[in-house]
1. Can you find even one residue in the range 17-29 that is surrounded by fewer than 16 Cβ atoms within 10 Å (Cβ to Cβ), of a type in the set (Lys, Arg) and in contact (Cβ under 8 Å) with a residue 40 or more places away in the chain?
2. Only one of Ala45, Ala10, Ala41 is surrounded by 12 or more Cβ atoms within 10 Å (Cβ to Cβ) and without any contact (Cβ under 8 Å) to a residue 24 or more places away in the chain; which?
3. Where residues in the range 13-28 are modelled with pLDDT of 95 or more and in a loop (DSSP other than H, G, I, E, B), which of them is nearest to Pro47 (Cα to Cα)?
4. Kindly indicate the residue of the range 29-54 that is part of a loop (DSSP other than H, G, I, E, B) and touching a helix residue (DSSP H, G or I) at 6+ places or on another chain (Cβ under 7 Å) and also modelled with the lowest pLDDT among those meeting that condition.
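The values are calculated or read from the model by the stated rules, or taken from the named source; none is laboratory data. All values derive from a computational prediction rather than experimental measurement. Heads up, the Cβs are rebuilt from the backbone with ideal geometry, glycines too, and the neighbour counts pull from every protein chain shown.
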Amino acid sequence: MYKITDECVACGTCMSECPNEAIKEGDIYVIDQDICLECGACIDACPTGAIIEE
């Protein structure tokens, strides 16, 4: 399971890389665990390292 931490700057990079549109906008973004494929594209794309695997 992936989680977006407080280091998120809401830049949108992860959202554009997600093949299943599992990332939702907000003050910090949130990953919808019900549709996340756990492919890792968001982790690779995040410029601040705000996405972690739990």
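1. Checked the range 17-29: no residue is surrounded by fewer than 16 Cβ atoms within 10 Å (Cβ to Cβ), of a type in the set (Lys, Arg) and in contact (Cβ under 8 Å) with a residue 40 or more places away in the chain.
2. Ala10
3. The extreme case among them is Cys18.
4. Result: Tyr29.
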